[in-house]
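Everything below concerns the one structure shown next.
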Amino acid sequence: MNNFLSHYDCLTITGPTGVGKTGLALSLARIWPIEVISMDSALVYKGMDIGTAKPSREELASVPHHLINIRSPLESYNAAEFAHDAQLLITDIRTRGKLPVIVGGTLLYFKALFEGLNDLPKTDPLIREAINEEARRLGWPALHAELSRVDPPTADRLPPTDAQRISRALEVWRSSGRSLSSYFVAKPTVPLRNKLVSLEPANRAWLHHRLAQRFEQMLQAGLIDEVKTLKLSLPLSADSPSMRCVGYRQVWELLQTHITEETFSAEGTAETVEKAVAATRQLAKRQLTWLRGLSDREIITCDKADGRELEQDLFKILNLAF
């Protein structure tokens, strides 16, 4: 590993949601002393465990993990904060002689850390509320059309129903007079030497089946009760950043239309499943599109092998770096 650290500052394991990134990273801990830096915008939230597929207590205890459970669901966390925190963690982990392994699929965070970005305008509650009010009247596709006029690069990578990202992009435009895409130009002061590994399926149908199965398992594990607890214990709303996470948004809508769990209809729950799975597929599609733009990534085909073969593929890639 010392030879690896002489060539690289860190290792990143990324890929679309649901492909087994965390498990692969933990397998590396059997042969190398590593610490995991989470690159997931949902795992930062406390109390959101089931719907984020958060590593288990045993997994968190087996290897040091960072940037998990660091925010209340009432708070926000952005790409600039991640880049700052991850930079400090990488330096700290390396001074202890360990390998920093960045794991996750929030690729805006990846861009912020390795390519850099200028300071984005802070959230403006008044502008955000005005945008949400327009969305209630006109619909998010209409606001997506507005975004296409003022910030085509950002609009091109967002579906017309991606409320969270459309809202933020328009908020940046209205508060600063600059497009969101214009902020992604600054480079890090000290470029990080990163080895990038991406888990990607050859067959999109394999991923779709896996995502549907995983959401059903989340429901069986108590996702509805998890969201209900958050809803009753915290002054959250549908516009809270945490409740915009895929899966949580759809369950929140279910709870808004059903007073008690006893009133949940099979039809309503099935509709929630359908919406959540569709949203998760769209997330995975956006992630794969973004990944195709990273020419330096080493791809591990995750639907052609079992866990052991994936480990061997990863170890082979790392051996090439020695």
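The values are calculated or read from the model by the stated rules, or taken from the named source; none is laboratory data. Every value quoted in this text rests on a predicted model; they were computed, and no experiment measured them. Quick reminder, even Gly has a Cβ in these numbers, built from the backbone with ideal geometry, and neighbours come from all protein chains shown.
Got at least one residue in the stretch 52-67 being in contact with a His (Cβ under 8 Å, 6 or more places away or on another chain) and surrounded by 18 or more Cβ atoms within 10 Å (Cβ to Cβ)?
yes
Hey, can you tell me all the residues within the stretch 106-134 that are of a type in the set (Gly, Ala, Ser) and within 24 Å of the chain's Cα centre (by Cα)?
If the condition is that a residue be of a type in the set (Gly, Ala, Ser) and within 24 Å of the chain's Cα centre (by Cα), then Ala112, Gly116 are the ones that fit.
Does the stretch 88-110 hold any residues that are closer than 22 Å to Val246 by Cβ and touching a Phe, Trp or Tyr at 6+ places or on another chain (Cβ under 6 Å), and which are they?
Residues satisfying the conditions are Leu107, Tyr109.
Name the residue, out of Gly104, Gly97, that is surrounded by fewer than 15 Cβ atoms within 10 Å (Cβ to Cβ), in contact (Cβ under 8 Å) with a residue 60 or more places away in the chain and closer than 30 Å to Ala53 by Cα.
Gly97
Specify which of the listed residues (Ser41, Ser76) is of a type in the set (Ser, Thr, Tyr), in a loop (DSSP other than H, G, I, E, B), surrounded by fewer than 21 Cβ atoms within 10 Å (Cβ to Cβ) and in contact with a helix residue (DSSP H, G or I) (Cβ under 8 Å, 6 or more places away or on another chain).
Ser76
Give the number of residues within the stretch 222-243 that are among the small types (Gly, Ala, Ser), closer than 20 Å to Leu283 by Cβ, surrounded by fewer than 18 Cβ atoms within 10 Å (Cβ to Cβ) and in contact (Cβ under 8 Å) with a residue 24 or more places away in the chain.
Of the residues in that region, 0 qualify.
Hand me the list of helices (runs of 4 or more DSSP H) wholly inside the stretch 116-183 holding 3 or more residues that are surrounded by fewer than 16 Cβ atoms within 10 Å (Cβ to Cβ).
Where helices (runs of 4 or more DSSP H) fall fully within the stretch 116-183 and carry at least 3 residues being surrounded by fewer than 16 Cβ atoms within 10 Å (Cβ to Cβ), they are 125-138, 140-150, 152-156.
Given (1) within 16 Å of Glu274 (Cα to Cα); (2) in contact with a helix residue (DSSP H, G or I) (Cβ under 9 Å, 6 or more places away or on another chain), where does Pro201 come up short, assuming only one miss?
(1)
List the pairs whose first member sits in the stretch 17-39 and is farther than 17 Å from Glu58 by Cα, whose second member is acidic (Asp, Glu) and surrounded by fewer than 22 Cβ atoms within 10 Å (Cβ to Cβ), and whose Cβ atoms are under 8 Å apart, counting only residues at least 6 apart or on separate chains?
Partner pairs satisfying both residue conditions: Val19/Glu200.
Identify the single condition in (1) modelled with pLDDT under 95; (2) surrounded by 17 or more Cβ atoms within 10 Å (Cβ to Cβ); (3) more than 24 Å from His84 (Cα to Cα) that Asp49 does not satisfy, given that it satisfies every other one.
For Asp49, the failing item is (1).
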